[in-house]
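To keep things clear, I will list the structure first and then write my remarks on it.
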Amino acid sequence: MKFIDCSACIGEAPVNRLIINHENYPVYEKVKQPKDAAELLAEMDYNGIDEAVVYNATIVNSGLVHGNNRLVSDPVNYTGRLHGTIAVAPSFLHESFLPENIYDMICRYNLFGVRANPKANRYMFDRITMGDVADMLCEKNIPIYISPSDGWEYVYAIMKEFPSLTAIITNYGLWGSDGYVYPLVKAYKNLYIDTSDFQEVTGIEAFVNRFGSEKMLFGTNYPMDNMGGPLATLIGSKIPLRDKENIAHGNIERLFEGRLLK
Amino acid sequence: MKYTNDSALWKNFTEAGRLEKVSVIDVHTHMGDINDASTPVFEIDECVGVMDERNIDSIWCAPHYDLFDVDEPNRYIEEYMAKYPERVKGYFSFNPNYCERYIKRIERVDEIDNYIGFKFLPVYHNVSLADDRYKYALDFAEKRNLVVLSHTWGGTACSPAEVAELLKKYKNLQFILGHSSPNQLDDAIELVKKHDNAYLDLCDIHRHSGIVDKMCENVGAEKVLFGTDFPWYEFNYCIGSVLCAHISDDKKELIFRGNAERIFKNIKKAKGVDL
């Protein structure tokens with residue numbers, strides 16, 4: 001089966017890696033990290049993962065502009081088997097965050113989408129602050145990754161204000177979060193969940209039985225998570241093969257094709 | 001793509017959709033629902049059904065209701081062991097806030113063959129692992145070479161520092177560092193290297209990149225135990241973490257089964273129970 005990892009990270013943390021157990025509950029641990037694309041690709045080879053959507057660790061640990069530039073500074077990070085994502089922030093903070101410049105960057109490097117960490121980056125993802133950027137993302141069907149690491153209320157607020165966003169919920173921790181996830185999936189037709197942290201026993205079966213397989217994307221959240229766990233969870237789930245194929249690669253391929261790029 | 005993982009066990013898993021070749025023993029499980037996490041299945045009968053599907057031989061279990069409902073200590077694990085004696089081995093959950101109530105029933109550990117030891121939850125019970133109220137249970141376990149599975153977590157009152165003090169006094173009980181002290185895994189590893197009767201537990205922490213490799217490299221696969229917190233988490237996730245670690249299949253088999261089997265046999269021997 002073909003696997004496309006919807007979310008992995010290239011680069012090293014300055015100290016221990018921040019890992020989410022559940023919202024507002026971090027663990028800081030030393031993990032094996034890929035310092036560059038070559039090391040990530042080697043681990044993908046070992047695990048049988050064909051392609052991955054990536055970001056540079058410095059958007060978490062250092063600066064957004066710096067991290068975005070690190071990613072696109074070397075084509076190996078966003079061509080071939082790897083597809084890039086960049087961080088967004090309010091457009092008044094830096095010209096590179098103007099919607100037209102974000103869109104140009106996405107088109108120029110054929111990036112898959114963008115990421116937002118509003119609390120960590122200290123802004124509100126609402127119409128006042130992010131309306132121009134969010135409207136562009138909606139109009140162009142550009143996916144945005146959102147983590148509830150600082151609380152699910154941020155995700156709910158963003159989706160309430162921008163319900164047509166193509167949003168991928170990622171890095172949410174391993175505790176069972178159906179009480180938060182299910183209503184979002186039910187309410188917003190363009191919302192997807194990354195499987196990397198989806199560790200509930202029979203969780204994939206329960207989700208697919210309720211919502212079908214179109215709203216789930218295979219992910220590893222590497223290196224916060226390893227690759228084997230999410231792989232075995234999907235491979236071992238008791239769902240039909242066509243549903244596994246959707247989750248493993250079909251759904252994200254549809255999102256790739258749905259973007260309106262120049 | 002060059003597929004470079006040549007593990008026969010991983011190949012077996014990907015072809016069969018489950019780990020056919022090794023029937024797993026999970027040393028860190030619970031049972032029942034819990035108020036701050038969703039669990040699609042949690043009743044004992046449906047959980048045994050999932051164990052069948054995932055090829056899980058047996059679980060070492062401390063049900064949530066025994067850990068948090070102090071009304072009738074360890075009623076639930078005894079029910080589950082009676083119903084599924086081959087599949088469920090029991091931890092006597094010990095809540096030090098109700099010490100006398102638990103001690104009153106502690107002889108049940110001798111009376112019921114499938115009790116393998118004790119389960120402590122220092123942070124959740126808000127009692128440090130260094131507190132004297134654990135002494136009765138620890139002495140009991142020490143005399144019988146039983147297992148003590150304690151929740152351990154870096155930077156809390158059940159960190160490697162508290163475990164180190166405990167292990168200075170207790171040389172015969174088999175101490176499992178539940179979760180292997182996230183935030184301070186390196187300190188947990190140092191402890192397990194020093195003490196023959198201490199083990200690392202994969203529960204939760206297995207999910208991070210490189211953790212299984214690091215544990216095996218530093219303490220040897222013989223000191224690493226398979227644990228999942230089931231029914232919180234999926235067996236297959238932890239199975240995948242082990243199968244895709246950069247270690248030999250022999251070591252994986254020790255983690256999946258061999259180590260727990262060895263400990264279990266020693267407990268049975270110490271308790272004078274026929275194998």
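The values are calculated or read from the model by the stated rules, or taken from the named source; none is laboratory data. For clarity, every value in this text was computed on a predicted model and none was experimentally measured. Neighbour counts run over all protein chains shown; Cβ positions are idealised from the backbone, glycine included.
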Residue count for segment B:56-77, restricted to those that are more than 18 Å from the chain's Cα centre (by Cα) and part of a loop (DSSP other than H, G, I, E, B): 5
Qualifying helices (runs of 4 or more DSSP H) (wholly inside segment B:215-275; at least 2 residues being at pLDDT 95 or above and of a type in the set (Asp, Glu)): B:249-253
Filter result for A:Pro118 (modelled with pLDDT of 95 or more and within 19 Å of the chain's Cα centre (by Cα)): yes
Near pairs, Cβ below 7 angstrom, 6+ apart or cross-chain, from segment B:159-180 (without any contact (Cβ under 8 Å) to a residue 60 or more places away in the chain and under 12 Å from B:Lys194 (Cβ atoms)) to any residue that is of a type in the set (D, E, K, R) and in a helix (DSSP H, G or I): B:Pro160/B:Asp187
Qualifying residue in segment A:181-193 (condition: modelled with pLDDT of 95 or more, within 13 Å of chain B (Cβ to nearest Cβ) and either crowded, with 24+ Cβ neighbours inside 10 Å or under 15 Å from the mean Cα position of the chain (by Cα) (or both)): yes
Of all residues in segment B:1-55 being closer than 21 Å to B:His179 by Cβ and more than 20 Å from the chain's Cα centre (by Cα), the one that is nearest to the other protein chains (Cβ to nearest Cβ): B:Ser38
Residue pairs meeting the criteria (Cβ under 6 Å; at least 6 apart or on separate chains; first among the acidic types (Asp, Glu), in segment B:66-80; second surrounded by 15 or more Cβ atoms within 10 Å (Cβ to Cβ)): B:Asp66/B:Asn74; B:Asp66/B:Tyr76; B:Asp66/B:Ile77; B:Asp66/B:Ser93
Lone qualifier among B:Leu173, B:Leu146 - being buried (at least 18 other Cβ atoms within 10 Å of the Cβ), touching a strand residue (DSSP E or B) at 6+ places or on another chain (Cβ under 6 Å) and under 17 Å from B:Leu129 (Cα atoms): B:Leu173
Exclusive hit being among the acidic types (Asp, Glu) and either closer than 21 Å to B:Pro63 by Cβ or in a loop (DSSP other than H, G, I, E, B) (or both), set B:Asp139, B:Asp110: B:Asp110
For A:Asp150: the one exception among (1) at pLDDT 95 or above; (2) over 25 Å from A:Ile49 (Cβ atoms); (3) under 16 Å from the mean Cα position of the chain (by Cα); (4) not hydrophobic (A, V, I, L, M, F, W, C): (1)
Filter pass, A:Thr129 being touching a strand residue (DSSP E or B) at 6+ places or on another chain (Cβ under 8 Å) and either surrounded by fewer than 24 Cβ atoms within 10 Å (Cβ to Cβ) or within 30 Å of B:Asp36 (Cβ to Cβ) (or both): no
From the options B:Val22, B:Val50, residue that is in contact with an Asp or Glu (Cβ under 7 Å, 6 or more places away or on another chain), closer than 28 Å to B:Leu200 by Cβ and not acidic (Asp, Glu): B:Val22
Only one of A:Phe256, A:Phe207, A:Phe198 that is touching a residue at least 40 places away in the same chain (Cβ under 8 Å) and hydrophobic (A, V, I, L, M, F, W, C): A:Phe256
Strands (runs of 3 or more DSSP E) (entirely within segment A:1-94) containing at least 3 residues that are within 12 Å of chain B (Cβ to nearest Cβ) and under 16 Å from A:Gly113 (Cα atoms): A:4-10
